[in-house]
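Asks: Got a structure for you, questions after.
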Amino acid sequence: MEITTKDYSVKYDVETVTVHWEGFMRLNSNEFEPIERLLDQVATLESPLTTLNLQKLQAINSSGITMLGKFVLTMNEKKTISLLIQASEQIAWQKRSVENFKRLMPNNLQIEWA
């Protein structure tokens, strides 16, 4: 599963159960639909640990953060699944927003800062 444009890419690695994010995502709400479908597919796999690697995602707008929040909530509903978010302290939006995802998944979400 992969979505790639000139501005961003979202790739799911089956072997590591990791969604890799990269680039700049300043999209309208409806432009996030393919990414939402990819995340829905990842959620249905119900792997014991899923990783979101955001370390190369330089920018994302509020619609994208909302989409990520919905994914975290979906994963929280699956009580046997853990989520690891790999984030970068060097990227401003991640420092401001990623920690808030713990409120949506307080028990099974870990954040790994680089």
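The values are calculated or read from the model by the stated rules, or taken from the named source; none is laboratory data. Keep in mind that what you see is a predicted model, and the values were worked out from it rather than measured. Using ideal geometry, Cβ is built from the backbone for each residue, glycine included, and neighbour counts are taken over all protein chains shown. Each accessible area value is taken on the protein alone, full model and side chains, heavy atoms only, with ligands, DNA and RNA left out. Shrake-Rupley method; radii C 1.70, N 1.55, O 1.52, S 1.80 Å.
Asks: Can you confirm whether VAL17 is on the phi > 0 side of the Ramachandran plot and of a type in the set (A, V, I, L, M, F, W, C)?
Replies: Taking the combined requirement at face value, the residue satisfies it.
Asks: Going residue by residue through the range 67-88, is there one that turns out to be touching a residue at least 40 places away in the same chain (Cβ under 8 Å), assigned to a helix (DSSP H, G or I) and within 23 Å of SER29 (Cβ to Cβ)?
Replies: no
Asks: Within the range 89-114, count every residue that is polar (S, T, N, Q), surrounded by fewer than 18 Cβ atoms within 10 Å (Cβ to Cβ) and within 23 Å of THR16 (Cα to Cα).
Replies: Going through the range 89-114 one residue at a time, the tally reaches 3.
Asks: Determine which single condition ARG26 fails, assuming it passes every other condition in (1) free of Cβ contacts under 8 Å to residues at least 24 places away in the same chain; (2) among the charged types (D, E, K, R); (3) within 18 Å of SER9 (Cα to Cα).
Replies: The number of the failed condition is (1).
Asks: Another question, then. Taking interchain pairs and intrachain pairs at least six residues apart, which have beta carbon atoms under 7 angstrom, with the first residue in the range 1-18 and within 15 Å of LEU45 (Cα to Cα) and open to solvent by less than 80 Å² (accessible area, probe 1.4 Å) and the second among the polar types (S, T, N, Q) and not in a strand (DSSP E or B)?
Replies: VAL17/SER47
Asks: Further question on the same structure: Could you identify the single residue in LEU83, LEU68 that is at pLDDT 95 or above, under 21 Å from ASP7 (Cα atoms), of a type in the set (A, V, I, L, M, F, W, C) and open to solvent by less than 10 Å² (accessible area, probe 1.4 Å)?
Replies: Exactly one residue qualifies, and that residue is LEU68.
Asks: Sticking with this one: Is it the case, given these coordinates, that THR44 is over 12 Å from the mean Cα position of the chain (by Cα) and hydroxyl-bearing (Ser, Thr, Tyr)?
Replies: In short, yes.
Asks: Can I ask one more? Taking the range 37-56, which residues are loosely packed, with under 13 Cβ neighbours inside 10 Å and touching a Lys or Arg at 6+ places or on another chain (Cβ under 8 Å)?
Replies: Hit for the range 37-56 is GLU46, nothing else.
Asks: Right, next: Going by the structure shown, is ARG26 of a type in the set (Lys, Arg) and under 25 Å from ARG96 (Cα atoms)?
Replies: For ARG26, the condition - of a type in the set (Lys, Arg) and under 25 Å from ARG96 (Cα atoms) - is met.
Asks: Turning to a different aspect of this structure: Residue check: is THR16 of a type in the set (S, T, N, Q), farther than 17 Å from PHE71 by Cα and either in a helix (DSSP H, G or I) or modelled with pLDDT of 95 or more (or both)?
Replies: yes
Asks: May I pose another question? Taking GLY23 as meeting all but one of (1) open to solvent by less than 80 Å² (accessible area, probe 1.4 Å); (2) modelled with pLDDT under 95, write down the number of the exception.
Replies: (2)
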